[in-house]
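Peer 1: Here it is, the structure, as structure tokens.
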Amino acid sequence: MDVCVRAYAVRTLFTPARWNMTIIRNTGWVSRARPLPVPIQVGTAETAASALGRGARANGYAHLQDICSDQGISLRELANGQPHEVKHAAVLIGADADVLLFNTPRLQDDGRFELGRENIKFTALTRTGGQVCLVCMLEARAQGQEAWQCGRWQVRHIRTCAQHGVLLEAISLNTTSKNAQDFGAYFAPRAHIQAQKVESQDQELELYLDGRIEHGTGESWPDSFEFHVVAVFCEALGALLAYGPKRNMKSLSPIEIVKAGSVGFKLFQKGPDALLSRLKSIQTASMDDGADYGKLYPQILTCLRERRKDPCFDGLRTLVREFILDNFHVPPNSSILGEVNGRSRVMTVAIGAREGGVANSLLNRQLKLMGFLRDKVSDNTISDRGLLISTAVIDEAVSVVKKLSTIAVTRAALGADKYTIERLCAEGVLKLHFPADDGCMPFFHEREILRLSADLRAATTCNVVLTDDHVSLQEAARRSHCTLTSLIGRAVAGTLKLASPCAVPFRLPDFLVSLSELRVQIGAVPPEVLTAAEAARLLGVIPGTIHALVAAEYLPGTFSDYRLANRACLFILHADLEHFANAHIVLRALSGTRKATFEATQEYIAECGVEALVLAHESRKIFRRSDIERIAYDPGGERLARLLMVDEARLEHLFQK
């Protein structure tokens, strides 16, 4: 390699039985640097300072400092990987300058070091002493070579030898920091120390870090962070996952730290969602410490707090801080990883009730209604005691609870008694806020009270001049034998018109009804429906027979609350009665007006084996029309045939009306 220099002195250095070389002292440039007579083999990923030191001793120098002085090389710049010094050293020892420069930590203008293709913060490197692979050193010794230092062994977080899979041994050279770069001169392998084997599955973090040095960063999530951030955080995360929250980093042995780093990196490389999911599972699995994030994640928090002045950790600090705020109750104005928070994002039910100024039991019931609580812990309240709920959900539930009224308050607001309120709830006119079967005190939402009043107003003519016929709803219910709830139901359904002297009526006493109009409406029967008396008149029987037919299920009928009669009345559809009349005939219709004829007809029907419908006693006898038609054309049944025709004509005339 050619190097131009100005010379100011020349002297001849003689090395016994070795070589004769002319050294040119310089203040500027050397005209030509020549390789040392005895070359050396550079170790795997060896640094320039380590290689030049071994080359110096192979060629008669005692220390690295001596050859640096003779060759005009700055030892400090060589150790810091300055390219011109590393290339100078490469020429002297006959090594590839690019390879030597690649494996030597190179100081940058910002105080960081570049090793391989990775830019590393200076705190992640051990510049003096460091670590060494005992297997590599023993192999070198067996080949007659001095110990050498690999540039990657200066990285604090690379604790294993990638070639032999053993734990690196931390060493301390018995010399000054200046001479510590001359690694081979001061390192003496200790034969009694056995290298510890590391399982391959425990080297994932090491392999990742080594890959970043060799190939640089890629597009994965870990590659978006600085080299030392990934190393430090994965070790802290792995310590939490592998050894639990009670083991701090200082209590871990080197091989345990290696294993922790691998465990942490396996999770870290999956991305932020997997990381936060695992942190959440730790919280879920915890019992007494479930509300204390400091006891659940001590290694991670310590790692991030201790590096609070390092902006490279800001991304992870923000990620962990947001997770804590979203999943733990943090009192206002608390410092979380360097930032003071405002109001807590989540809280327990008790805290929410206290801050909102509402009853704990009511807030519990509302949250259960909203689907955020499940467990019942006592007869008068429900609660998941340790459950943290979003502050937004708590605020929404508190705002609802503040609008609830007890039954006493609701009675006073509507001007109704307790019985009326209970009947309104039973009929579904007024809805309870909480389910009626939860065994707790009933409450009504103000929205429901306003809705009932608004529905009544919609059926009301306001500012009416009252007459003696107008009475309150309570009085109208009493005098028409109706319930108040039925009248309110009719009004809400739009079938009953109300009146009020008020411009904006609200309470139940404010709403009045015309008693005469009410009685007409209640007494009206739909045209398609017949009462028992009307049905009996059409069939030619007494009402008791109609009741007996319905009871025996020969004739369909329903009982309805007929309040003007103050009792339940039987109603029959006109179509059902017509169908029954066409299929049956009353005995009286088969007889004349004479008693002898009536008795003869009964005897003839009995002799023919025709039986009447089975009805309760004192009911008129009724036969199936098909049975009578069958015997009407037998000898002696001529009279029956004629009477059947008469009855059919009568029925046709009746039902056509």
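The values are calculated or read from the model by the stated rules, or taken from the named source; none is laboratory data. Bear in mind that the values here come from a model prediction, so they are computed numbers and not experimental data. All Cβ positions, glycine included, derive from the backbone under ideal geometry; neighbour counts span all protein chains shown. Calculation scope for accessible area: heavy atoms of the full protein, side chains included, ligands and nucleic acids excluded. Shrake-Rupley method; radii C 1.70, N 1.55, O 1.52, S 1.80 Å.
Peer 1: Residue check: is residue 45 on the phi > 0 side of the Ramachandran plot, surrounded by 19 or more Cβ atoms within 10 Å (Cβ to Cβ) and either assigned by the TED database to the domain that holds residue 231 or in contact with a helix residue (DSSP H, G or I) (Cβ under 7 Å, 6 or more places away or on another chain) (or both)?
Peer 2: For residue 45, the condition - on the phi > 0 side of the Ramachandran plot, surrounded by 19 or more Cβ atoms within 10 Å (Cβ to Cβ) and either assigned by the TED database to the domain that holds residue 231 or in contact with a helix residue (DSSP H, G or I) (Cβ under 7 Å, 6 or more places away or on another chain) (or both) - is met.
Peer 1: Here is a follow-up. For region 505-516, give me each residue that is assigned to a loop (DSSP other than H, G, I, E, B), open to solvent by less than 60 Å² (accessible area, probe 1.4 Å) and hydrophobic (A, V, I, L, M, F, W, C).
Peer 2: 511
Peer 1: Kindly indicate the residue of region 606-657 that is among the acidic types (Asp, Glu) and not in a helix (DSSP H, G or I) and also most open to solvent (accessible area, probe 1.4 Å) among those meeting that condition.
Peer 2: 618
Peer 1: All but one of (1) exposed (fewer than 15 other Cβ atoms within 10 Å of the Cβ); (2) farther than 30 Å from residue 521 by Cβ; (3) modelled with pLDDT of 85 or more hold for residue 541, so report the exception by its number.
Peer 2: (1)
Peer 1: Going through region 446-504 one residue at a time, which ones are touching a Ser or Thr at 6+ places or on another chain (Cβ under 7 Å), modelled with pLDDT under 90 and not in a loop (DSSP other than H, G, I, E, B)?
Peer 2: 477, 484
Peer 1: Still on this model: Would you call residue 347 over 22 Å from residue 249 (Cα atoms), loosely packed, with under 14 Cβ neighbours inside 10 Å and in contact with a helix residue (DSSP H, G or I) (Cβ under 7 Å, 6 or more places away or on another chain)?
Peer 2: no
Peer 1: For residue 313, all conditions in the list (1) more than 21 Å from residue 161 (Cα to Cα); (2) in contact (Cβ under 8 Å) with a residue 24 or more places away in the chain; (3) surrounded by fewer than 21 Cβ atoms within 10 Å (Cβ to Cβ) hold save one; what is the number of the exception?
Peer 2: Only one criterion in (1) more than 21 Å from residue 161 (Cα to Cα); (2) in contact (Cβ under 8 Å) with a residue 24 or more places away in the chain; (3) surrounded by fewer than 21 Cβ atoms within 10 Å (Cβ to Cβ) is unmet by residue 313, namely (3).
Peer 1: Got at least one residue in region 303-315 being closer than 30 Å to residue 231 by Cβ, assigned by the TED database to the domain that holds residue 223 and under 24 Å from the mean Cα position of the chain (by Cα)?
Peer 2: So far as region 303-315 goes, yes, one or more of its residues are closer than 30 Å to residue 231 by Cβ, assigned by the TED database to the domain that holds residue 223 and under 24 Å from the mean Cα position of the chain (by Cα).
Peer 1: Outside the structural domain of residue 213 (by the TED database), under 52 Å from the mean Cα position of the chain (by Cα) and of a type in the set (Lys, Arg): is that true of residue 106 in this structure?
Peer 2: Against the criterion (outside the structural domain of residue 213 (by the TED database), under 52 Å from the mean Cα position of the chain (by Cα) and of a type in the set (Lys, Arg)), residue 106 qualifies.
Peer 1: Of all residues being at pLDDT 85 or above and of a type in the set (Val, Ile, Thr) in region 137-184, which is farthest from residue 127 (Cα to Cα)? Just the residue, please.
Peer 2: Step by step, filter region 137-184, then rank; the result is 166.
Peer 1: Let me ask something else. Go through (1) open to solvent by 30 Å² or more (accessible area, probe 1.4 Å); (2) closer than 30 Å to residue 447 by Cβ for residue 485 and report which single condition fails.
Peer 2: Checking residue 485 against (1) open to solvent by 30 Å² or more (accessible area, probe 1.4 Å); (2) closer than 30 Å to residue 447 by Cβ, the one that fails is (1).
Peer 1: Something else about it: Provide a single number: the residues in region 250-262 that are open to solvent by 40 Å² or more (accessible area, probe 1.4 Å) and within 10 Å of residue 205 (Cβ to Cβ).
Peer 2: 1
Peer 1: Being in contact with a His (Cβ under 9 Å, 6 or more places away or on another chain) and open to solvent by less than 50 Å² (accessible area, probe 1.4 Å) is the requirement here; does residue 443 meet it?
Peer 2: Answer is yes for this residue.
Peer 1: Just the residues that are out of contact with any strand residue (DSSP E or B) (no Cβ under 7 Å at 6 or more places or on another chain) and not in a loop (DSSP other than H, G, I, E, B), please, taken from region 424-445.
Peer 2: The answer is 424, 425, 426, 436, 437, 438.
Peer 1: While we're looking at this one, here's another question. Can you tell me which residue among 412, 392 is in a helix (DSSP H, G or I), modelled with pLDDT of 90 or more, open to solvent by 20 Å² or more (accessible area, probe 1.4 Å) and assigned by the TED database to the domain that holds residue 505?
Peer 2: Matching residue, one of 412, 392: 412.
Peer 1: Where the second residue is in a helix (DSSP H, G or I) and open to solvent by less than 60 Å² (accessible area, probe 1.4 Å) and the first is farther than 23 Å from residue 128 by Cβ and of a type in the set (Asp, Glu) and lies in region 75-98, which pairs have Cβ atoms under 7 Å and are six or more apart or on separate chains?
Peer 2: 96/90
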